[in-house]
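The block underneath contains the structure these notes are about, expressed in structure tokens.
Throughout, read-outs are computed from the coordinates displayed, never taken from laboratory work. Since this is a predicted model, take the numbers as computed values, not measurements. For neighbour counting, all protein chains shown are included, and Cβ atoms are generated from backbone atoms with ideal geometry for every residue, glycine included.
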Amino acid sequence: MLKNSWLFPAIESAHLCGLALLVGTIIPVDLRLLGWRGFPETRPTRWTRLGFAIMLTTGPVMFFSDMPRYLANPAFRVKMAVLAAALISHCTVRRNAVRKGSGRLAALLSIALWTCVVLGGRAIADFDI
């Protein structure tokens, strides 16, 4: 029902806005850790948490709208695995690196993982079976 209505594109758009908030507030911190001084010294903010909350709300809605499609989609499975790795890294390795003000490897890992999450989400439409 949801996938064939105007609601699905609206929910998907909100999901992308949440992704932009989440990743858009994480990457500048990572770039700062890599030594790019053009970014203000900052920590993840309420915008990061808001982006995560939006994605955590809209993602399952989209998933449950067509579970068989997503479960059969290899890009979706890869995205979920990389998302899990990105969240674990963000909450452990990267958080400690930000506190210490160092962590080039943690920043590179974070950028790589979040980039893969974004690309994996985009690939879902391309790998429909």
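Compared with the dominant Cα axis of the chain, that is its longest principal axis, helix 74-89 is turned about 30°. Helix 104-123 sits at what angle to the longest principal axis of the chain, using alpha carbons and giving 0 to 90 degrees rounded to 10? Once rounded, one gets 10 degrees. The mean sequence distance of close C-alpha pairs (under 8 Å, at least 6 residues apart), as a share of the length of the chain, puts its relative contact order at 30 percent. Considering only ALA14, TRP36, SER65, the residue lying farthest towards the positive end of the dipole of the chain is TRP36, judged by Cα position with unit charges set on Cβ.
Work out which chymotrypsin sites (Phe, Trp or Tyr not before Pro) in the chain are exposed loop sites (DSSP not H, G, I, E or B, at most 11 other Cβ within 10 Å) and give the longest gap free of them.
With chymotrypsin sites (Phe, Trp or Tyr not before Pro) excluded where exposed in loops, the chain gives 37-129 as its longest stretch.
Note on the chain: with charges restricted to the Cβ of Lys and Arg (+1) and Asp and Glu (-1), its dipole about the Cα centre is near 620 debye.
The stretch 63-79 and the stretch 44-60 have Cα centres spaced 20 Å apart. What angle, in degrees between 0 and 90 and rounded to the nearest 10, separates the Cα long axis of helix 46-65 from the longest principal axis of the Cα atoms of the chain? Result, in degrees: 20. Near HIS15, within a Cβ-to-Cβ distance under 13 Å, what is the net charge of the other residues, with Lys and Arg +1 and Asp and Glu -1? Neighbour charge sum, excluding HIS15 itself: +1. Within the chain, all pairs of alpha-carbon atoms sorted by distance into 5 Å bins from zero give the percentages 2, 11, 18, 23, 18, 12, 8, 5, 3, 0.
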